[in-house]
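See below for the structure under consideration.
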Amino acid sequence: MRYDFDRIIDRRGTDCIKFDTAAEHGIPEDALPLWVADMDFPAPQPVLDALNERVRHGIFGYSDAGSDYYAAAASWFERRHGWRPEEAWLVKTPGVVYALAMAVRALTHPGDAVLIQTPVYPPFYRVIRENGRRLVENPLIYRAGRYEIDFADFERKLDESGAKLFILCSPHNPVGRVWTEAELREMARICARRGVVVVSDEIHCDFAHPGHPHSILLKAAPELAERAIVCTAPSKTFNLAGLQASNIWIPGAELRERFTAEIARCGGSELNLFGMVACRAAYAAGEEWFEQCWAYILDNFAFLRAFLAERLPQIKLVEPEGTYLAWLDCSGLGLEPAALEDLIVNKAKLWLDSGAIFGQAGAQFQRVVLACPRATLKEALERLEKAIHD
Ligand SMILES: Cc1ncc(COP(=O)(O)O)c(C=O)c1O
């Protein structure tokens, strides 16, 4: 079937964070939101059908998915990523951030160091700091409009801090890098030699831009099998974030045991029934929707690129390799971070993600979510252009 991604659906009043929490964030009610990484598109029809059918049944008791759930997910990763995880590796959790926190708690002690590559998705900082662990940063190098890993610093930081856990963001939110196989293998080599466990957050793995194929960490570096955790979820790919289902793949039996023991200590149980139903239907029958959706979003990137080049050359799009997030370098506007915020929020009446929330290195950037109808993006860019020219 043909899906219509141009249709604007009013999300206000649906309890969605993106539109319905402006006041509590100190954002004007009339600001156009292109923040928070979810989509303004309905989920694939087969997902809606499966959920509706389950609702019609009417009994929502304790539930757990069988092998068909695993089979749908495994088949997706095999078809789309050339990587077939085994059923025994699967631990289902109510979110990837929850899994990151469980990994930190399960695999390190209070006071231990955990390494991340910054700027990065804010919960990476939180799951480390709020569990009383020491945050160690391996800042990405921003050079000629592209981000790269400083491998010498990566090695040095691991050695100096004694970190035994590294949380990798792959593809990277917000900078949009898709790590090459060579980069993944180099990180794996450095970690393996030091006995560092890698938790690879691959929630954005399906959004690889043309020419930048994503490699699942365990496919690129199978030697890490005993020391890696691969976090995946249907939430970004099929716009199911509110249903809270994610799939964490842990081949190493000992690592998996420590991870599941921590979940048990924290009172974890089965997946939410609707998340489970939606996840299975999405991986089994959502591909047609996903392909159309991703093609539409790639056209949004083309629209954004052309608009900036023609009408707002002071703002540079960091050329994306992965994710549906645009990372805009606003340093050409020559504004202090507070003045940049004022321009975006109060003058342009836009609600974006301020780059500073991803770390100090992001202060001159704004993150824009492109999983929206083209008309929304166009309006946002016109508001920005007008505010800058005024
Ligand atoms: C890198 C990354 N990890 C995790 C999440 C959120 O995952 P979840 O909603 O499953 O906790 C996001 C959402 O934006 C993300 O960008």
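Descriptive notes on the structure:
- The condition of being in contact with a Pro (Cβ under 6 Å, 6 or more places away or on another chain), among the hydrophobic types (A, V, I, L, M, F, W, C) and modelled with pLDDT of 95 or more holds for TRP327.
- When residues of the range 196-222 are limited to those that are in a strand (DSSP E or B) and over 15 Å from the mean Cα position of the chain (by Cα), the one farthest from LEU370 (Cα to Cα): VAL197
- Within the range 317-325, one or more residues are under 26 Å from ASP30 (Cα atoms) and not in a loop (DSSP other than H, G, I, E, B).
- Every residue from the range 77-110 that is within 11 Å of the ligand (Cβ to nearest atom) and in a helix (DSSP H, G or I): VAL96, VAL97, TYR98, ALA99, LEU100, ALA101
- Filtered by the rule that a residue be within 16 Å of the ligand (Cβ to nearest atom) and polar (S, T, N, Q), the range 194-232 gives SER200, THR232.
- Any chance ILE8 is hydrophobic (A, V, I, L, M, F, W, C), away from the ligand (no atom under 16 Å from the Cβ) and touching a helix residue (DSSP H, G or I) at 6+ places or on another chain (Cβ under 9 Å): yes
- Unique residue being within 16 Å of the ligand (Cβ to nearest atom) and in contact with a helix residue (DSSP H, G or I) (Cβ under 9 Å, 6 or more places away or on another chain) when the list is THR118, THR180: THR118
- Taken as a whole, the condition of being in the same structural domain as VAL36 (by TED's automatic domain parsing), more than 20 Å from ALA326 (Cβ to Cβ) and at pLDDT 95 or above applies to GLU291.
- Complete set of residues in the range 286-315 that are surrounded by fewer than 19 Cβ atoms within 10 Å (Cβ to Cβ) and touching a Cys at 6+ places or on another chain (Cβ under 8 Å): GLN314
- Neighbours by Cβ (under 6 Å, 6+ apart or cross-chain): first from the range 121-133, not assigned by TED's automatic domain parsing to the domain that holds TRP35 and in a helix (DSSP H, G or I); second of a type outside the set (Ser, Thr, Tyr) and within 10 Å of the ligand (Cβ to nearest atom): PRO123/VAL97; PHE124/ILE167; VAL127/LEU100; VAL127/ALA101
- Verdict on ALA43 being surrounded by 11 or more Cβ atoms within 10 Å (Cβ to Cβ) and closer than 27 Å to ASN173 by Cβ: yes
- Here LEU34 fits the description: closer than 20 Å to SER235 by Cα and either buried (at least 20 other Cβ atoms within 10 Å of the Cβ) or at pLDDT below 95 (or both).
- Considering residues of the range 239-267 that are within 14 Å of the ligand (Cβ to nearest atom) and not in a helix (DSSP H, G or I) only, the residue surrounded by the fewest Cβ atoms within 10 Å (Cβ to Cβ): GLN244
- Annotation note: of GLU226, GLU288, GLU254, the sole residue that is acidic (Asp, Glu), under 26 Å from LEU184 (Cβ atoms), touching a Pro at 6+ places or on another chain (Cβ under 8 Å) and in contact (Cβ under 8 Å) with a residue 12 or more places away in the chain is GLU226.
- Qualifying residue in the range 149-160 (condition: out of contact with any helix residue (DSSP H, G or I) (no Cβ under 8 Å at 6 or more places or on another chain), over 18 Å from PHE365 (Cβ atoms), modelled with pLDDT of 95 or more and surrounded by 17 or more Cβ atoms within 10 Å (Cβ to Cβ)): yes
- Count of the range 133-148 residues which are within 20 Å of the chain's Cα centre (by Cα), of a type in the set (D, E, K, R) and surrounded by 14 or more Cβ atoms within 10 Å (Cβ to Cβ): 2
- Here SER269 meets the list (1) over 18 Å from THR232 (Cα atoms); (2) outside the structural domain of MET102 (by TED's automatic domain parsing) almost entirely, failing just condition (2).
The values are calculated or read from the model by the stated rules, or taken from the named source; none is laboratory data. Remember, predicted model here, so these are calculated numbers, not experimental data. Cβ atoms come from the backbone with ideal geometry, glycine included; neighbour counts cover every protein chain shown.
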